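First comes the structure, then the notes that go with it.
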């Protein structure tokens, strides 16, 4: 199959990649669209030492492996779990000890014509959600995870640090929940989205770092975001950490101790919440798609995704 | 007064330091004993840019400023607070925006003949607690803080990383609460304390880093402890951070995100709990005192405190 493969730190288009072989309980999905995420860019920089087909954000159509799902449009959770380890048995299967993760860890991803995943990972899409919007289900679920981990209500002062792909989804989700929200970003273009959505936003250089936010969500995708977050959060506040990067940066954790901050790592989230929000139009993602490339122009697509004038870059895996 | 002062990265004995002047509501305390803490050593390395008299762990006798307390033996909380800021008004006065902190921030410390502190900071000592043991009230309170922040019961698997001054206090407190406890240290001599107290302990090189502890308390006083802690804690576990150090070390926070770890910074704690535990003999500290020096030999005392064969080094501030 045609696929975009991580090779030597680059996304390389391969015409004849071995087609994925479904294991027991797995379905074969024809990929329709895939999205480029900050994690994909970090994978190419060495994060997780990943090799193989890239891509974990996608929408597709089931073509084999399940009579129930055959012909259906689906999105799919990315953690493929054993069901037997202590984590799986204690209800934390997304932390399965033996998991593979689509396009991230031990499993070829979705930037290809076809992908295999366990049937139980699939969620059928309502017709109202288009193929392109559906690509946002995975990162949007990750945004919904925040409210599952941290209590947030209409009095909570929340800052979202980062107005990129993920930051903008987090902003919309938290705005929907209702809280005293401020989005802090570096890129005027992406901050314009907040203005359109009537979400308070400010350039990072214009924000007073007065240690007075109850919750700060770090979604900059950069190690520097952590230190800015520490200057914005109040003592005993909660810092939600969303960014994963390949490199280690000099960091002093003393402020975490002094201010008794709670730092909460936050990864994958609930797909049903994300599907429901998109279907109901409570989150708007179409305008975030700034470019779509055919798979064979994957390298260009990644170059575009790294540019500050782009928000979400998609790959059309059906186009020649 | 005679005092031990942080000057150019060293503890310098000064014969005629200006005597402390009590503010409104403050008492003058004759210091009897003071303890050297890892924080004091970090202060000399530049932590908090501190200048002035060192020392925040002490026991003393009130000599002026309060009819109620005069002549009484006391220990005292180290945060001196405004009572008016948003933190004070919301019950988080130990995080007062305008606070000074004894021997740490904007206030001369207790390694001197006399020290001044607000009367409300003082706790009268029961006769059963000797002067030397009383020095442990402050760090012991910090150990009790952990159980105020993190739920721990008899089924919780807890690792205490670090068998130094603070680690040994944390170990005793958590052992008293009852949990599945393991102390992990580098120094065979300090690990012997655990053996004597019948607390499970192991050398750090002999510990399997299987990501299976529910709670890991990082009390090594070294930035390297954080990464070891991340290799011991289970997904969705809680890492309690106690160490404050002066320097920034390269650190990759990706494991916090991937494993959705909760990192809880933990600082000062409840004095009453510590006093009660010492009075009831539920925590044993006398054997942890490995050396006592007169104030004028303060520099030697600090040198000793940095050696691995020492646990707690005290200063006798009454001895010439």
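Counting only residues that are free of Cβ contacts under 8 Å to residues at least 60 places away in the same chain, out of contact with any strand residue (DSSP E or B) (no Cβ under 7 Å at 6 or more places or on another chain) and not in a strand (DSSP E or B), the stretch A:1-53 holds 7 of them. Just one of (1) in contact with a helix residue (DSSP H, G or I) (Cβ under 6 Å, 6 or more places away or on another chain); (2) surrounded by 20 or more Cβ atoms within 10 Å (Cβ to Cβ); (3) touching a residue at least 60 places away in the same chain (Cβ under 8 Å) fails for residue A:265. It is (3).
Give me the strands (runs of 3 or more DSSP E) completely within the stretch B:150-267, filtered to those with at least 3 residues that are within 14 Å of another protein chain (Cβ to nearest Cβ), ordered by residue number. First the steps, then the outcome.
Numbers: elements: B:157-161, B:180-185, B:201-203, B:213-218, B:233-241, B:249-251, B:262-265.
Those strands (runs of 3 or more DSSP E) span B:213-218, B:233-241, B:249-251, B:262-265.
So which residues in the stretch A:134-146 are out of contact with any helix residue (DSSP H, G or I) (no Cβ under 6 Å at 6 or more places or on another chain) and more than 25 Å from residue A:24 (Cα to Cα), if there are any at all? Within the stretch A:134-146, A:134, A:135, A:136, A:142, A:145, A:146 meet the criteria.
For the residues B:128, B:120, B:107, the requirement of being touching a strand residue (DSSP E or B) at 6+ places or on another chain (Cβ under 9 Å) and modelled with pLDDT of 95 or more singles out B:107. Restricting attention to the stretch B:64-89, the residues that are within 20 Å of residue B:270 (Cα to Cα), within 14 Å of chain A (Cβ to nearest Cβ) and in contact with a strand residue (DSSP E or B) (Cβ under 9 Å, 6 or more places away or on another chain) total 4.
Scanning the stretch A:297-306 for residues that are crowded, with 16+ Cβ neighbours inside 10 Å and more than 19 Å from residue A:133 (Cβ to Cβ) yields A:297, A:298, A:302, A:304. Might you let me know whether the stretch B:287-294 holds any residue that is in contact (Cβ under 8 Å) with a residue 60 or more places away in the chain, more than 10 Å from chain A (Cβ to nearest Cβ) and assigned to a strand (DSSP E or B)? Taking every residue of the stretch B:287-294 in turn, at least one turns out to be in contact (Cβ under 8 Å) with a residue 60 or more places away in the chain, more than 10 Å from chain A (Cβ to nearest Cβ) and assigned to a strand (DSSP E or B). The set of residues from the stretch B:223-232 being crowded, with 21+ Cβ neighbours inside 10 Å and touching a residue at least 40 places away in the same chain (Cβ under 8 Å) comprises B:225, B:229, B:232.
Taking the numbered list (1) modelled with pLDDT under 95; (2) over 17 Å from the mean Cα position of the chain (by Cα); (3) surrounded by fewer than 22 Cβ atoms within 10 Å (Cβ to Cβ) in turn, residue A:280 passes all entries but (1).
In summary, residue A:26 fulfils each of the numbered conditions (1) surrounded by fewer than 20 Cβ atoms within 10 Å (Cβ to Cβ); (2) within 30 Å of residue B:210 (Cβ to Cβ); (3) more than 14 Å from chain B (Cβ to nearest Cβ) with the single exception of condition (1). Filtered by the rule that a residue be touching a residue at least 12 places away in the same chain (Cβ under 8 Å) and more than 10 Å from chain B (Cβ to nearest Cβ), the stretch A:268-280 gives A:269, A:270, A:271, A:272, A:273, A:274, A:275, A:277, A:278, A:279. Determine which single condition residue B:80 fails, assuming it passes every other condition in (1) under 17 Å from the mean Cα position of the chain (by Cα); (2) modelled with pLDDT under 95. (2) is the only condition that residue B:80 fails. Checking each residue in the stretch A:298-319 for being in a helix (DSSP H, G or I) and without any contact (Cβ under 8 Å) to a residue 60 or more places away in the chain picks out A:300, A:303, A:304. Mind listing whichever residues of the stretch A:86-129 are in contact with a helix residue (DSSP H, G or I) (Cβ under 9 Å, 6 or more places away or on another chain), surrounded by 16 or more Cβ atoms within 10 Å (Cβ to Cβ) and part of a loop (DSSP other than H, G, I, E, B)? Matches in the stretch A:86-129: A:92, A:96, A:97, A:99, A:102, A:103, A:104, A:109, A:111, A:113, A:125, A:129. Screening B:158, B:137, B:74, B:115 for residues that are closer than 30 Å to residue B:238 by Cβ, over 15 Å from the mean Cα position of the chain (by Cα) and touching a residue at least 24 places away in the same chain (Cβ under 8 Å) leaves exactly one candidate, B:158.
Suppose the filter is outside any loop (DSSP other than H, G, I, E, B) and free of Cβ contacts under 8 Å to residues at least 24 places away in the same chain; does residue A:82 pass it? In short, no.
The values are calculated or read from the model by the stated rules, or taken from the named source; none is laboratory data. These figures come from a predicted structure and were not determined experimentally. Every residue, glycine as well, gets a Cβ built from its backbone with ideal geometry; the counts of neighbours run over all protein chains shown.
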